[in-house]
Amino acid sequence: MYDVIIIGSGPAGLSAAVYGKRAGLNLVVLEKNPMSGGQVLNTYEVDNYLGMPGINGYDMGVQFRQHADSLGTEFMEEEALAIEDRDGVKIVRTQERELEAKAVILATGAVHAHLDVPGEEELSGMGVSYCATCDGAFFRGKTVAVVGGGDAALEDAIYLARTCEKVYLIHRRDELRGTKALQDEIRAMDNVEILYSHVVEEILGEDAVNALRIKDVKSGESRELPVAGVFIAVGIRPGTELVRNLTACDEGGYVLAGEDCATRLPGLYAAGDVRKKPLRQIVTAVADGANAAMAASEFCREKKPQ
């Protein structure tokens with residue numbers, strides 16, 4: 001039996017592995033992808049992680065993994081298919097086996113909903129972004145677009161309008177869905193233009209985004225909109241399907257857990273983007289991993305042998 005099974009090898013999972021190994025825990029990291037790092041691997045440049053200004057996401061993911069490897073962390077390239085709680089023992093099932101542990105740290109992250117239009121995948125990290133607070137600084141003084149009409153899109157547009165020359169807010173409906181306070185703030189900004197009843201048909205550019213092809217859904221007319229970047233804020237899906245029958249989640253599917261990452265099920269911890277919290281960044285995921293590992297370590301010490 002392991003002390004801890006960590007599900008996910010993004011910044012939260014790798015941080016949990018480092019802190020868990022340093023605490024003397026017998027642990028294993030399950031990762032469904034062939035490379036550790038999670039979403040950070042797809043980030044062209046990370047400029048807001050303390051001490052690593054300008055590092056690209058791939059190199060950051062490699063360094064995180066190397067740190068965990070240096071401590072002798074065990075990894076299994078297997079996807080967790082189910083988690084059970086059997087009289088306090090956590091059972092994690094994969095395609096190959098069943099693993100037992102005293103505690104589980106869920107660090108499966110979240111995925112941003114995509115537009116699924118031509119150019120989106122090809123230009124990801126080269127003008128296509130899903131995080132204004134992560135990448136907005138690269139577009140200072142430029143013209144950008146935000147796609148979406150909810151609170152996240154409005155907050156992104158407000159954030160970007162403070163440093164960008166112009167921000168287009170593109171929404172498929174004829175009214176925004178965000179809170180009234182955010183809508184009022186958006187409408188008071190001279191450099192924000194709202195394009196109601198429009199959708200993005202294609203993201204254009206060779207080595208970087210230089211325009212969008214947008215369509216007026218009422219008239220059916222299409223046109224090109226010159227922009228240096230596009231921020232897509234049409235929703236996010238946390239990877240919490242494994243635990244929704246085990247602990248409490250909010251209406252968006254995020255696990256309800258405190259700063260120690262402990263859920264309502266003893267021995268189950270949620271770290272990183274799966275946890276309900278106000279800011280989802282690499283730095284907060286790393287902090288969650290550390291807190292979850294320390295809480296799990298204390299839990300394992302207190303837990304009586306089965």
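The numbers here are math on the coordinates, done by the rules we state, and not lab data. Worth saying up front: this structure is predicted, and the values here are computed from it rather than measured. Backbone-built Cβ (ideal geometry, glycine too); neighbour counts: all protein chains shown.
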* For V227, enumerate residues with amide H under 5 Å from its amide H, sequence gap 5+ or separate chain, H modeled in the peptide plane. => A211, L212
* To do: Return the long-range amide H neighbours of V46 (sequence gap of 5 or more, or a different chain), with a cut-off of under 5 Å between placed amide H atoms.
  => G54, I55, N56, G57
* Asked: Can you give the three extents of the C-alpha atoms in the chain along their principal axes, from longest to shortest, in whole Å?
  -> 67, 35, 33
* Sites E77 and S219 - FRET efficiency at Förster radius 35 Å, r taken between beta-carbons, to 0.05 -> 0.10
* Cβ-based net charge around G141, under 12 Å, with every Lys or Arg adding one and every Asp or Glu removing one -> +3
* Report, in degrees rounded to the nearest 10, the 0 to 90 angle that the Cα long axis of helix 151-161 makes with the longest principal axis of the chain. => 60
* What nm value, rounded to one decimal, do you get for the distance between R86 and N48 when each label is placed 7 Å out toward the C-beta? -> 4.4
* To do: Go ahead and estimate [θ] at 222 nm for the chain from helices alone: -39,500 (n - 2.57) per DSSP H run with n ≥ 4, summed, over the residue count, rounded to 500.
  => -7000 deg cm²/dmol
* Asked: How far is it, in nm, from the label point at Y159 to the one at E241 when both lie 7 Å from their Cα along the line to the Cβ?
  -> 2.8
* So how tilted is helix 57-70 from the main axis of the chain? Cα-based, degrees 0 to 90, rounded to 10. -> 10
* Asked: By how many nm would the segment from T143 to H112 lengthen if fully extended, with 0.36 nm per residue of separation less the alpha-carbon distance?
  -> 8.9 nm
* To do: Counting other Cβ atoms within 10 Å, keep those with at most 14, restrict to DSSP loop, and tell me which GluC sites (Glu not before Pro) in region 160-190 are left.
  => E165, E175
* Asked: For region 114-232, what is the Kirkwood hydrodynamic radius in Å, using each pair of distinct C-alpha atoms?
  -> 13.9
* Asked: By residue number, which cysteines of the chain lack any other Cys whose Cβ falls under 4.7 Å from their Cβ?
  -> C164, C249, C261, C300
* Give the order of T284, T43, T263 when sorted by the count of other beta carbons within 10 angstrom, beginning with the fewest. => T284, T263, T43
* DSSP-assigned coil residues among GluC sites (Glu not before Pro) in region 24-102, each with at most 11 further Cβ atoms within 10 Å -> E96
* To do: At most 13 other Cβ atoms within 10 Å and a DSSP loop assignment: could you name the trypsin sites (Lys or Arg not before Pro) in region 245-299 that fit?
  => R264
* **Ordering of 191-198, 85-92, 143-150, 12-19 by burial proxy (mean other Cβ atoms within 10 Å per residue, highest first)** => 12-19, 143-150, 191-198, 85-92
* Structure fact -> Sorted on mean Cβ neighbours within 10 Å (highest first), peptides 214-225, 116-127 come out as 116-127, 214-225
* Asked: Cα axis of helix 282-302 to longest principal axis of the chain: angle in degrees, 0 to 90, nearest 10?
  -> 20
* May I ask for the equivalent-ellipsoid semi-axes of region 172-306, computed as the square root of five times each C-alpha gyration tensor eigenvalue and listed largest first in whole Å? => 43, 17, 15
